[in-house]
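In what follows, a structure is listed as structure tokens, so that the remarks can point back to it.
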Amino acid sequence: MSNVMASNVLAPAAPLPQAGAARTAEPQAPSRSVRWLHDLPVRSALVGAASIALFVLAWHVATTWKLDLYVRFMNVPTPADVLASAEAAWGSPTFGSHLLMSCRRIAYGFALAALVAIPLGLLMGRFRLLREMVFPVSEVLRPIPAIAWVPMSIMLWPTNEQSIVFITFLGSFFPILLNTLHGMATVDPVLVRAARCLGAREAAVFREVYLPATLPQIFTGLTVGMGVAWVSLIAAEMISGQFGIGYFTWEAYSLVQYPDIALGMIAIGVLGLASSWTIRLLGRLVMPWSPAR
Amino acid sequence: MSVTSLKARVARAGQAQPPLDARSERQGRIEIEDFGLRYKTPTGFTEAVTGVSLTVEPGEFVSIIGPSGCGKSTMLNALAGFLKPTSGSVRVDGKPVDGPGADRGMIFQQYSLFPWKTVRQNVEFGLKMKGVEAAERQRQARTLLGLAGLSQFEDHYPEALSGGMKQRVGIVRALATGPRILLLDEPFGALDAQTRLIMQQILTNMWQRLKISVLFVTHDIDEAIFLSDRVYVMTARPGSIKAEIAVPLARPREPAVIMSSEFLALRRGLMSLIREESLKAMGGEINADALKGLATNFDNNDLARSL
Ligand SMILES: Nc1ncnc2c1ncn2[C@@H]1O[C@H](COP(=O)(O)OP(=O)(O)O)[C@@H](O)[C@H]1O
Ligand SMILES: [Mg+2]
């Protein structure tokens, strides 16, 4: 298999001498004028834009022709409908406040989860007794999806707002905790010993070795946690919310404002993307030593 | 800047580190007496080292050579303060070793630079732990890196360095706090032969300049002879001292010394001492009868036919 491929690749590269000279000279001129096309960022941006355009086109075709291919597009709004409702929503203060509300819930829930899970994971990684005490509880609670906590959460917390933030917190808590723990378990022991030999005491080893060595894993946890936070938030808003983009999307269905469903979905997608970009950017700022991924 | 803070700075800078040549008055005697250490394993105990006694005089360069698994790292780790001896004692300048500390620098076989710190920050680490203030430790790290010819890499992260360069930075980092003793555990084992020679030269230069005591673990006979004043040969596990060999070669030693007849004589002696132990560590000589059996197979062309 690989031999066949290799010979296919090699064959045109070993032509007759005269033909070879002509061939190398010829494509050089045009390739220079479109070289920027082959620059990786430009190229991938173009391909990305094209793929999105194709998706919108397919959407447009399916909805304007009202295709019925078992999956039914009769009631699905066209891109133009959604654009129109987006313009309307942009003008009204309610849409903005829904977005703001969701972002605030994510910010509170996620920040709280990070503030609890990262130190807890670091300490659990360092102190065996704590790990042995917390781990069983976390293993029992972890498989329960955050959405399953909705009724319990409503009973636990005095206000609706608090219970939704709690759901978001739960969603991101376990990915962050487990990744931090895993990061702590994989810290290279020779680095710890090197630090001790250079006079570092317990607190300094923790701050100067364990923490930075675990940061890449912590950021993996934050990225995953942010994704799960959005999933949990939207579900919680749909079930028990009065505000928020999840509630907006569900309400649009109840009120038969179909373009708003798509608008809500797109808004959720954009917000999710923006928050994971933020985390990646933060990761690059905090870890200048690690190659960009 | 106020007068008091200036005074404090001067005082701190003064106490931070003696100049390089002032270290010669300092001690650095290693005394290991009847040292034994066994590891607890799931099935019981592993006797790693038994009854080792050795000394390193202040300013001396001593190597330990022995087959792998004979407990060289174990002994060095006990000296560094990571392991407690099960029997006997490990003392530095008369005081029993109690936990790791910056008075004993250690270089590991694995590269141990902090990946999240630049070369300069790595070198500064020990000074930072000592509480030396940022500007002062930066100055000292720069000086040391300059001496080691690493100035142009001071802002690189370790990932961008070659293996030899990483170990060089590791040595500079260990020396930055001004230790009395340097412990090296097969530090050049992962380097290619050429780089290894250069590193040996660099290490000898630094050692001569700083006059600290060095205990160097290796399994490379040439390296041990070239570097050391004395060489201890260890037996297979459980490790103990099999022989102690003085290396009377004049210093400074040029790389060409390895061709001298004195060097070769030392080499031959060490070689035979170690061969015995390495065979023991591997479970004995290859049985003559087994070799005969193998030869029969070759005669019958079994192997050739199957190929
Ligand atoms: N943590 C440990 N637990 C159990 N046995 C160990 C441990 N570390 C080393 N040993 C055993 O002790 C012996 C000496 O190990 P080591 O000091 O690393 O040898 P060397 O450095 O000379 O190769 C080896 O047989 C090794 O298997
Ligand atoms: Mg070893």
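Each reported figure results from applying straightforward, stated rules to the coordinates on display, with no laboratory input. The shown structure was predicted, so the numbers you read here are calculated from the model rather than taken from an experiment. Reconstructed Cβ throughout: ideal geometry from the backbone, glycine too, with neighbour counts over all protein chains shown.
Counting every C-alpha pair in the protein assembly as shown, the share spaced more than 40 angstrom apart comes to 53%. Which of rounded, prolate, oblate describes region A:225-267, given a ≥ b ≥ c as roots of the alpha-carbon gyration tensor eigenvalues and a/c under 1.5 marking rounded, otherwise prolate only if a/b is larger than b/c? Oblate is the answer for region A:225-267, as a/c is 1.5 or above yet b/c matches or exceeds a/b. By the beta-carbon count within 10 Å of each Cβ, the least crowded to most crowded order of B:124, B:60, fewest first, is B:60, B:124. Counting only residues at least eight positions apart within a chain, or on another chain, the lysines with an alpha carbon under 19 Å from that of residue B:242 are B:72, B:280. Note on residue A:265/residue A:285: beta-carbon distance plugged into 1/(1 + (r/R0)^6) with R0 of 35 Å gives a FRET efficiency of 0.70.
Suppose we keep just the DSSP beta bridges with both residues in the protein assembly as shown; what percent of those would be antiparallel, to 5? Please list the in-between numbers first.
Values: 23 of 42 bridges.
So the antiparallel bridges in the protein assembly as shown amount to around 55 percent.
Cβ-to-Cβ counts within 10 Å put B:125, A:243 in ascending order as A:243, B:125, the fewest first. Amide H contacts for residue B:48 (H built 1.01 Å from N in the peptide plane; partners 5 or more residues away or on another chain; cut-off under 5 Å): B:37, B:38, B:39.
This ranking places A:224, A:165 by how few other beta-carbon atoms lie within 10 Å of each, fewest first, which gives A:224, A:165.
What average number of partner chain Cβ atoms lie no more than 10 Å from the Cβ of the residues making up B:105-113? Don't jump to the answer; show the numbers that get you there.
Numbers: counts 3, 5, 2, 5, 1, 6, 4, 9, 2.
Taking all residues of B:105-113 together, the mean is 4.
About its Cα centre, the protein assembly as shown has a charge dipole of approximately 1180 debye under the convention of +1 per Lys or Arg Cβ and -1 per Asp or Glu Cβ, with nothing else charged. Length available on full extension from residue A:190 to residue A:123: 0.36 nm per residue minus the Cα-Cα distance, which gives 22.2 nm.
Shape summary of chain A, radius of gyration then Dmax from alpha carbon positions: 26.4, 85 Å.
Using Cα-only point scatterers and the Debye equation, what is log10 of I(q)/I(0) for region A:144-200 at each q in 0.26 Å⁻¹, rounded to two decimals? After summing over all Cα pairs, the log10 values are -0.96.
Rounded to the nearest 20 Debye, what is the dipole magnitude of chain A about its Cα centre when Lys and Arg each give +1 and Asp and Glu each give -1 at the C-beta? Mind showing how you got there, number by number?
On the way: 19 positive and 14 negative charges, 209 e Å.
The calculated dipole for chain A is roughly 1000 debye.
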